[in-house]
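Participant: Handing you a structure now.
Readers should treat all values here as calculations from the given coordinates under stated rules, not as data from a laboratory. Everything numeric in this text was worked out from a predicted model, so none of it was measured. Backbone-built Cβ (ideal geometry, glycine too); neighbour counts: all protein chains shown.
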2 protein chains.
Amino acid sequence: MPQRLTREESQAVTRGRLLEAGSEVFAEKGFYGASVEEIAERAGYTRGAFYSNFADKAELFLALIDQRTEQSIEEISAILRDASSPEAALEGIRRRDFSRPLDRSWFLLTTEFRLYALRNAKVRPKLVARERQVRQAFTRAATAQLSALGAPLPAPPEQLGLIVQALDDGLWMHRQLDPGAVPADLLVDVLELLLRAAVALADGG
Amino acid sequence: MPQRLTREESQAVTRGRLLEAGSEVFAEKGFYGASVEEIAERAGYTRGAFYSNFADKAELFLALIDQRTEQSIEEISAILRDASSPEAALEGIRRRDFSRPLDRSWFLLTTEFRLYALRNAKVRPKLVARERQVRQAFTRAATAQLSALGAPLPAPPEQLGLIVQALDDGLWMHRQLDPGAVPADLLVDVLELLLRAAVALADGG
DNA sequence: GTCTATATAAAGATAGAC
DNA sequence: GTCTATCTTTATATAGAC
């Protein structure tokens, strides 16, 4: 038997449901196309409940951005933290990529966030800060792998992270548009190839 | 002295201006955020003129997608046809996709198209066909470069093109979000590095 | 072919009941 | 804290004047 919820807990549930519904509707319709009413309805409430939890539509959208990016960073960090070897880290990324491409609405939502940020000067710095954190996570992963293999860095560290990030995002998008053209774990294959190449470069030069 | 326009020509001008204005407003506000009134106004007309040229907002958007995809497929084909060397082909593609003068709004519109296509089954094949053309161009350039260097292909040819395309798109996006983090010619640097790596791999393995 | 005027609908947001 | 009722604004789309 579940214990009776306090008012705070009850509101947290409402807030969570609204966030979940918001991520769905934003993914389907985009920021402008999504209406507060549809979000509230899908969460099982009315607009009144929505406005007692969020100042407006943009605030819920921003809350989703935070949630979503924190999650990404945490995933990458966890993979790095738990991996006992470079191979294990790559394997962790491979698993992550396998589970992710199925999530079409996740991609739509992410892309929608980015467009929104590009169009809103107040929001952009927040998203950029998050993207940089993700980039740093990739940078740490790349440099750790290279040094574990005893290979020198073939480029400035931040650029290595950026390259992995860009490749990850680009492959993700093309996989959404044309699934047959993009094997789910192509990113990991490329990363493995790059690592081998870095070693070969170091030996050769 | 320009000759007097026929009614058809005059309407074609109106239509052209509406399309141009539409591409701007869609880039700025997205599909849902763009209003028919703003598009018409920016073109120098009223909503009345809009509705005598297009059935509704979606029709203008679809016309824009048709226009742009046809145009860009033709451009890519021309680059492939005219390029005197693989290097020239790659350079042509890179210039075209990465260094547009109206980089920002072109990126926004492109992304808006992609989102729209992902949400609309009828439009998607058109865009996918265009993406495949670009990919093919990258593939040809990559394989030609590698064979010119006497290096074996480190992956299936289509995957090489896809990797370049994804990297290009990913860097393009991150450059929009965080210009200072992405040197303008990073893509070329990376491709050069990859080529050297492929040679090193061939020698080493 | 384009404009002005207007009908109709939908969305954002607030106030007050419970 | 959530719902119902309501105000206000904004958008789509049409009809008729010129």
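Participant: What does the C-alpha gyration tensor say about the overall shape of the stretch A:58-105? Classify as rounded when a/c is under 1.5, otherwise prolate if a/b is larger than b/c, or oblate. Before the final figure, lay out each step's value.
Facilitator: On the way: a/c = 6.20, a/b = 1.89, b/c = 3.28.
Oblate.
Participant: List the lysines whose Cα sits under 26 Å from the Cα of A:LYS57, skipping any in the same chain fewer than 8 residues away.
Facilitator: Of all the lysines, those that pass the test against A:LYS57 - Cα under 26 Å, at least 8 places apart if same chain - are A:LYS29, A:LYS122, A:LYS126, B:LYS29, B:LYS57.
Participant: Scan chain A and hand back the longest stretch that contains none of the trypsin sites (Lys or Arg not before Pro) lying in DSSP loops with at most 10 other Cβ atoms within 10 Å.
Facilitator: Numbers: sites that count: A:ARG4, A:LYS122.
Answer - A:5-121.
Participant: Which three numbers, in whole Å and largest first, are the semi-axes of the equivalent ellipsoid of the protein assembly as shown derived from its Cα gyration tensor as √(5λ)? If you can, show how the numbers build up before the last one.
Facilitator: Working: eigenvalues 287, 225, 50 Å².
Its equivalent ellipsoid spans semi-axes of 38, 34, 16 Å.
Participant: Can you check what the net charge comes to around B:ARG132, using other residues whose Cβ is under 10 Å from the Cβ of B:ARG132 (Lys, Arg +1; Asp, Glu -1)? Can you show the working numbers first?
Facilitator: Details: positive: B:ARG130, B:ARG135; negative: A:ASP178, B:GLU131, B:GLU158.
Result for the local shell: -1.
Participant: Pop the C-beta distance of B:SER52 and B:GLU158 into the FRET formula with R0 = 41 Å and round what comes out to the nearest 0.05.
Facilitator: Working: r = 46 Å, r/R0 = 1.12.
With R0 = 41 Å, the Cβ-Cβ based efficiency is 0.35.
Participant: Another question about this same structure. Find how much the distance from A:GLU38 to A:ARG4 grows on full extension, using 0.36 nm per residue of separation minus their present alpha carbon separation; answer in nm with one decimal.
Facilitator: On the way: separation 34, 0.36 × 34 = 12.24 nm, distance 2.88 nm.
Between A:GLU38 and A:ARG4, full extension yields 9.4 nm more.
Participant: Which residues among the stretch A:82-122 fall inside the zone where the amide N is under 19 Å from a point 7 Å beyond the Cα of A:ALA148, along Cα→Cβ?
Facilitator: What the label zone holds, given the 19 Å backbone N cut-off, is A:82-98.
Participant: If you place +1 on the Cβ of every Lys and Arg, -1 on the Cβ of every Asp and Glu, and leave all else neutral, what size is the dipole of chain A about its Cα centre, to the nearest 20 Debye? Each step should come with its number before you reach the end.
Facilitator: Working: 26 positive and 29 negative charges, 119 e Å.
Roughly 580 debye, rounded to the nearest 20.
Participant: Any chance you could give the angle, 0 to 90 degrees and rounded to 10, that helix B:124-148 forms with the longest Cα principal axis of chain B?
Facilitator: Roughly 30 degrees between the two axes.
Participant: Right, here's the next one. Angle check, please: helix A:157-177 long axis (alpha carbons) against the longest principal axis of chain A (alpha carbons), in degrees 0 to 90, nearest 10.
Facilitator: 60
Participant: How far apart, in nm, are two points set 7 Å out from the Cα along the Cα-to-Cβ line at B:LEU62 and at A:LYS126?
Facilitator: 3.7
Participant: Within 11 Å, Cβ to Cβ, of A:ALA151, how many net charges do the neighbouring residues add up to if Lys/Arg are +1 and Asp/Glu are -1? Don't jump to the answer; show the numbers that get you there.
Facilitator: Values: positive: A:ARG196; negative: A:ASP203.
Here the count lands on 0.
Participant: With Cβ to Cβ distances under 14 Å as the rule, what net charge do the other residues near A:GLU9 carry (K, R +1; D, E -1)? Numbers along the way, then the final one.
Facilitator: On the way: positive: A:ARG4, A:ARG7, A:ARG15, A:ARG17; negative: A:GLU8.
Taking every Cβ under 14 Å from that of A:GLU9, the sum is +3.
Participant: How high is the relative contact order of chain B? Use alpha-carbon pairs under 8 Å, at least six apart in sequence, and give a whole percent.
Facilitator: Once divided by the residue count of chain B, the mean separation gives 18 percent.
Participant: Still on this structure: How large is the Rg to Rh ratio of chain A when both quantities use alpha carbon positions and Rh follows Kirkwood? Intermediate values should be presented prior to the final figure.
Facilitator: Numbers: Rg = 20.1 Å, Rh = 19.1 Å.
Taking Rg over the Kirkwood Rh, I get 1.06.
Participant: Assign one of three labels to the stretch A:116-205, namely rounded, prolate or oblate, based on the Cα gyration tensor with a ≥ b ≥ c the square roots of its eigenvalues; rounded applies when a/c is under 1.5, prolate when it is not and a/b is larger than b/c, and oblate otherwise.
Facilitator: Working: a/c = 3.20, a/b = 1.42, b/c = 2.26.
Oblate, because a/c is 1.5 or more while a/b does not exceed b/c.
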